[in-house]
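Here is the structure we will look at, set down as structure tokens.
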Amino acid sequence: MSNHAWILLRSNADLAQLASEVSVEFDPSKVAQRLTDGLSSAVKAVLIERNYVDKDYRSTFYNYYAKKGQRYRPDCVRLHFFDSTVTFDSATLTLRWPGERLEDHYFGYMVLRPTGIGTIGRTVLSPDVRAGARGRIITAAHKVHVLGHRLLIEGFPSMDQHIDISVCAHAACWSILRHYSVRYSVYREYLTHDITRMAHQFNPGGLVPSKGLDVSHAERVFQEAGTFPMIVTRKNKSDTSFYRQLHAYVESGFPLFAAMHGMRHAIAIVGSELSAAPLGRPTRMRNAWDMVKSLVAVDDNHLPYLSVPTTGVAADYSSDQIDAFIVAFPEKVFYPADAVDRSTNTLSKLAPILGLPSQKKTIGRYFLSTGSALRQFMRSRVSEFDPQLLLEIMELPFAQYVWIVELSTGDEWAQGQICARAVLDATASLRDPAPYWLIHSRTRALVFGRQTVGSPTTGMKVLDLKGMESTAFTRWDQNLRPIQSK
Amino acid sequence: MANTAKRKRKVTVKKMIKKRAAVPSIAGLTQSEATTLQDFFAAMQDQVVPEIVREEEERRVLAAESRRWPLKS
């Protein structure tokens, strides 16, 4: 039997052919059902790659499956998904496609493990072909080698739990850390076995079948991986500050380990879907969280990019069930979202100086970024800013990380515009009464030097901005990738 | 109890007045705008920072409790 086979899909039901192409230890019927339910009809062909050596499965094979009396295969099967324009010549093992780039017609891959149960292994799928996926998500470009082609696929990694040696929390930790290792060169890659080992203080001798994890074990995994994890726990169901923070971190590009205590379940939150226009009549300053229709989750019981509504009972669960999350920080983020959340409301006191709208008309949004990303963003939109503001931003001696607070009215929100932006120092202490680098509207900017401790106005500059009254003042949406359903 | 609260309010108001009296002029801002800015920093110092510190302590205690939650499904 050749190592490669091609299945053409007239409809998703044709995925049932997997059962005749893939042997029983990969549980092809269950995999076919999962794909039939979760893939869009844009996927028109599947390339089956047999005898694939998967590093994550091998890590568990060497440390667990090879030690068992039951004989397990060391190799896996990998499925690659393509659109309708790609063809395959099985005699020469050649892929053909129109245009220059094969990756424009490629939707990602899924590894199948020979474990009988929980067989869906490392998967990176394009969110564009996930049925029901909406909004914007955190992604990284994952490298794939197939039949001599080197492709990149934008997505978020996912896998099913092994059930016997890893549970949902391991899978969520693995997804987040694999994303970190691909997205940021400072983090190394951790395999499935590494994650199960990192959760515990000592090695009990071989890989012990998992009896589940506590939240503290997940925290430990992130610590061992060189990140600085912070647990944020919900006070009660009406704790909207908890959700505002959750959303702020996702908007910042940090995938979150979310715990659902009642369901004893853990998932990774990797995106959100925002409403274009504000809903309802405001009675207070609103936050971007009030515009969120659903979160996007990587849940090991589903294909990735599961839509989790903020309310309602139609789905398996809603965001109401999330009652704690872990955000895995890089070093040098000392000022948490909680503090930004509290201080944002106070910005309205500067309305007489900056010409801000009233609190009731304002929608606040905040997220973490870097000083260099801010400069890059402004450089790419030079025409939106007064040159003297641009000059100040280029010169400010930012620490690496900054919090960005953006204010907009309902109309501006609907058009992707804002009316003011504040830049806060993410290395500020909790007791800093002036954690600001800069606050500016269309007409004025307050620039704080942050060079003298205890004296925020020392070295402060006030700029009267010109030419920004009628230009675009674009909301900064750079950290997440919009899903373009196919 | 009520008298203590009243006294505290009086002290806070006195502090605010003292702070206002010391508003330095800031190039580019009128005196009333400089006062607005000073009020902004006073609100951060007297209201927001204590709220942030209290909130962080509360979250720290909650996080300690949630560390024991089992996750399995």
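What FRET efficiency comes out for A:GLN388 versus A:LYS55 if R0 is 45 angstrom and r is the Cβ-Cβ distance? Round to the nearest 0.05. That pair, A:GLN388 with A:LYS55, gives E of 0.30.
If the cut-off is a Cα-Cα distance under 20 Å, which aspartates and glutamates reach A:LYS361, setting aside same-chain residues fewer than 8 apart in sequence? Partners found: A:ASP290, A:ASP341, A:GLU406, A:ASP411, A:GLU412, A:GLU469. Label separation (A:ASP464 vs A:GLN33): 7.2 nm, computed from points 7 Å beyond Cα along the C-beta direction.
With q set to 0.09, 0.11 Å⁻¹, the log10 of I(q)/I(0) for the protein assembly as shown, from the Debye formula over equal scatterers at the Cα positions, is -0.74, -1.02. Using the Cβ-Cβ distance between A:LYS237 and A:ALA472 with R0 = 41 Å, the FRET efficiency computed as 1/(1 + (r/R0)^6) comes to roughly 0.55. Extension gain for A:ARG73-A:ILE117 works out to 14.5 nm (0.36 nm per residue, less the C-alpha to C-alpha distance). Residue separation of A:ASN3 and A:ALA19 scaled by 0.36 nm, minus their Cα-Cα distance, works out to 4.2 nm of gained length. Could you work out the relative contact order of chain A? I mean the mean sequence separation of Cα pairs under 8 Å and 6+ apart, divided by the number of residues, in percent. Reported as a whole number, the value is 12 percent. Given a Förster distance of 41 angstrom, what is the FRET efficiency for B:GLN31 paired with B:GLU56, based on the Cβ-Cβ distance and rounded to 0.05? That gives a FRET efficiency of 0.70.
Segment A:392-420 and segment A:96-159 have their alpha-carbon centroids 34 Å apart.
For the set A:LYS143/A:LYS486; A:LYS360/A:LYS461; A:LYS237/A:LYS486; A:LYS293/A:LYS486; A:LYS332/A:LYS466; A:LYS67/B:LYS72, the pairs lying more than 26 angstrom apart at their alpha carbons are A:LYS360/A:LYS461; A:LYS237/A:LYS486; A:LYS332/A:LYS466.
Segment A:SER372..A:GLU395, full-extension length gain: 7.2 nm, with 0.36 nm per residue of separation and the alpha-carbon distance subtracted. For segment A:318-451, the Kirkwood radius over C-alpha pairs fed into Stokes-Einstein at 10 °C and 1.306 mPa s yields D = 100 µm² per second.
Taking Cβ atoms as reference points and 12 Å as the exclusive limit, the residues near A:GLU395 contribute a net charge of +1, counting Lys and Arg as +1 and Asp and Glu as -1.
Readers should treat all values here as calculations from the given coordinates under stated rules, not as data from a laboratory. Everything numeric here is computed off the predicted structure, so don't read it as measured data. Counting neighbours? That spans all protein chains shown, and the Cβs are built from the backbone with ideal geometry, glycine included.
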